[in-house]
Amino acid sequence: MTARLEVDQPVQNTIYSTIAILSISAIAIFPMIFFKAYTSGDGIFHIRWQLLYSQYFWQGNLDPRWMADMNQGFGSPSYFFYMPMGQWAASLFEPLLPGIAHAGDRIALSMGASLFVGGLGMFHWLSNVTRMRQAALVGVIIYIIAPYHLFVDLYYRMALAEAWGMAFLPWVLAGIKQISIDRTRPLPLIIGSAGLLLSHVPSAMIGAVAASGYAIILLFEKPSVSLAISYVFSASISFLISSFHTITAIQFKYINKSVLFAGRQEPWNWLLGKHAWPDTGMQKVVLALFVGDGTVILILGAIAYRCAGDGRLRRYVMAGWALILASMIIQTPAMAWFWRLQTPLSMIQFPWRTMMLEALALALIGACALAALSKMPGFKIYFTAIATVAIAVVACIDLSLAAYRVKQEKPLSTRSYASIIARLDDDNAYRQGPYEMLSTRFGSRRALTQSGNGQIVIDQWQPRRIALHSNLAKADVITLRQFHFTGWQVSIDGGSAQPAIPGILAAYNAPEGAHRVIAFMPANGFEKMGDLMSIIGVLLAFTWNIKLILSRNKHDKPRKQRI
């Protein structure tokens, strides 16, 4: 007898399912740690950022945005714009794996944690969709090892932020389904949406399209104004909660936009067609995944559609087919006009990022196919056979590509790893000036006078805050080894703060004599607005959920008395 669930009843994660998801995540990430295969794609930058991020984090700066020691000590605004979730997770492993030598391992463990978090969210969603734990668990395994998810994001590109985006996307879908079952439980949707926004903005944009479509489908099934209001209110609260970081991330006034959104990065350079992509290796991978994953989705979908006894599973199969079809169509040259419209979706840079929807479709249709088999005689045999074959085929596509990549990225020697972290150079988009040329002027010094005379003693050097003593024979200009960015302010001997001299570097007019100076980069208007919005979002979420809990308890009490 198969364990079945009541219609539209939320499923509680069992300890066995959690252990299984944790085990699959650990197996999936093991080659990355064992072979030190975390320098592909953006891995080098994530390792360099982690070296500083974890240091600042454990010094009490829970949301470090200014990487003061990047770019030969001149600073970088990378985490004003890059979302923090992946680095937060990696920093939590610092006590277990401390120091420079384990920065790459911490990034790898952050990747593994993203698989586990995404697996739990997928289990919660698919359990409510299929009403069958076994089918949901197989769907989770397929999602974790989906080639775009595991191979492309983790082993090929080391896309830490996108990996965490794919971790929270299932929670968004689970939250949407949960509210349709019980309007008094919006927390999964709020947390999932906020987590998605704090993980990766392009993933959030793609996820918003998929989630909106899903919510509309559920509203068609159960038309309800209150349900629609719950969806909109939950999404709005999520945006408010994440605003302390997303508000600074979506304004690009102070970075090189041409590096992020022009030239090589323009979406129409990455459309499927006859022309070669800037990265021909990625082009071959995308084509292979469309053929491989598309075939698996088509076969599993046909099984699910044929065996489903009700229209509900068939609708989910059709939704899965629609996801992969949309991902394919939007990457064709025929859609170049859409990408040239410069809509918010154009900011995802690469159209193939929509293949995260293919990973969702693969898991969804796989779980639906297995759930549909439950009504057939000899169910256990069919279930075991198809689940095994589906997982094996996906794993063969995935692990063969991963093995090839690991072979290319030979295990790092101590020397080669040291060469990666010896120069903490940042991505071109976040470089604020010619720091290599400036470095020759400064040498090993962190501050210098225009005349070259006088004495400067650095007392404290922290991100966005520097304390020093200066002793000058005459007034001079002191320049700090930090880019100006949004602007620094200077307080001399406890006096009122004055703006630093505008320029590439932070500099100020220093009076003669001995003085104590505090230089700091104050929060800009976007940061202040984002912080305020986040406080409002947290208060709204807390108040609304308390109200719903009290309402639920009040509603349940008379029913318990009748029982």
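The values are calculated or read from the model by the stated rules, or taken from the named source; none is laboratory data. Bear in mind that the values here come from a model prediction, so they are computed numbers and not experimental data. Cβ: placed from backbone, ideal geometry, glycine included. Neighbour counts: every protein chain shown.
Collect the residues in the range 67-83 that are under 13 Å from residue 52 (Cα atoms) and in a loop (DSSP other than H, G, I, E, B), keeping them in residue-number order.
Within the range 67-83, 68, 69, 75, 77 meet the criteria.
Among 259, 285, which is the only one that is in contact with a Phe, Trp or Tyr (Cβ under 8 Å, 6 or more places away or on another chain), of a type outside the set (D, E, K, R) and modelled with pLDDT under 90?
When all the criteria are applied, what remains is 285.
Please specify each residue of the range 318-346 satisfying the condition of being of a type in the set (A, V, I, L, M), crowded, with 16+ Cβ neighbours inside 10 Å and either farther than 21 Å from residue 364 by Cβ or not assigned by TED's automatic domain parsing to the domain that holds residue 263 (or both).
If the condition is that a residue be of a type in the set (A, V, I, L, M), crowded, with 16+ Cβ neighbours inside 10 Å and either farther than 21 Å from residue 364 by Cβ or not assigned by TED's automatic domain parsing to the domain that holds residue 263 (or both), then 335, 345 are the ones that fit.
Looking at the range 131-145, can you tell me whether even one residue there is surrounded by fewer than 23 Cβ atoms within 10 Å (Cβ to Cβ) and over 30 Å from residue 292 (Cα atoms)?
No: zero hits.
Taking only the range 364-382 into account, find how many residues are in contact with a helix residue (DSSP H, G or I) (Cβ under 6 Å, 6 or more places away or on another chain) and closer than 15 Å to residue 131 by Cα.
10
Please work out which residue is nearest to the chain's Cα centre (by Cα), limiting yourself to the range 84-101 and to residues that are small (Gly, Ala, Ser) and assigned to a helix (DSSP H, G or I).
So, considering only residues that are small (Gly, Ala, Ser) and assigned to a helix (DSSP H, G or I), the one nearest to the chain's Cα centre (by Cα) is 86.
Count, please, the residues in the range 477-518 that happen to be part of a strand (DSSP E or B) and touching a residue at least 60 places away in the same chain (Cβ under 8 Å).
So the count comes out to 5.
Taking the range 323-344 only, how many residues are free of Cβ contacts under 8 Å to residues at least 12 places away in the same chain, in a helix (DSSP H, G or I) and either out of contact with any helix residue (DSSP H, G or I) (no Cβ under 7 Å at 6 or more places or on another chain) or among the basic types (Lys, Arg) (or both)?
Of the residues in that region, 4 qualify.
Those residues that are over 19 Å from residue 80 (Cα atoms) and surrounded by fewer than 18 Cβ atoms within 10 Å (Cβ to Cβ), I need them from the range 513-534; list them, please.
Across the range 513-534, the qualifying residues are 513, 514, 515, 516.
Which one of these does residue 161 not meet: (1) surrounded by fewer than 24 Cβ atoms within 10 Å (Cβ to Cβ); (2) free of Cβ contacts under 8 Å to residues at least 60 places away in the same chain; (3) among the hydrophobic types (A, V, I, L, M, F, W, C)?
(2)
Quick check on my filter: what residues within the range 373-422 are assigned to a loop (DSSP other than H, G, I, E, B) and at pLDDT 75 or above?
Selection gives 376, 377.
Right, residue 531: of a type outside the set (Gly, Ala, Ser), modelled with pLDDT under 90, out of contact with any strand residue (DSSP E or B) (no Cβ under 9 Å at 6 or more places or on another chain) and not assigned by TED's automatic domain parsing to the domain that holds residue 501 or not?
When the stated conditions are applied, residue 531 does not pass them.
Inspect the range 489-501 for any residue being within 37 Å of the chain's Cα centre (by Cα), closer than 20 Å to residue 56 by Cα and either at pLDDT 95 or above or among the charged types (D, E, K, R) (or both) and give the result as yes or no.
No, the range 489-501 contains no residue that is within 37 Å of the chain's Cα centre (by Cα), closer than 20 Å to residue 56 by Cα and either at pLDDT 95 or above or among the charged types (D, E, K, R) (or both).
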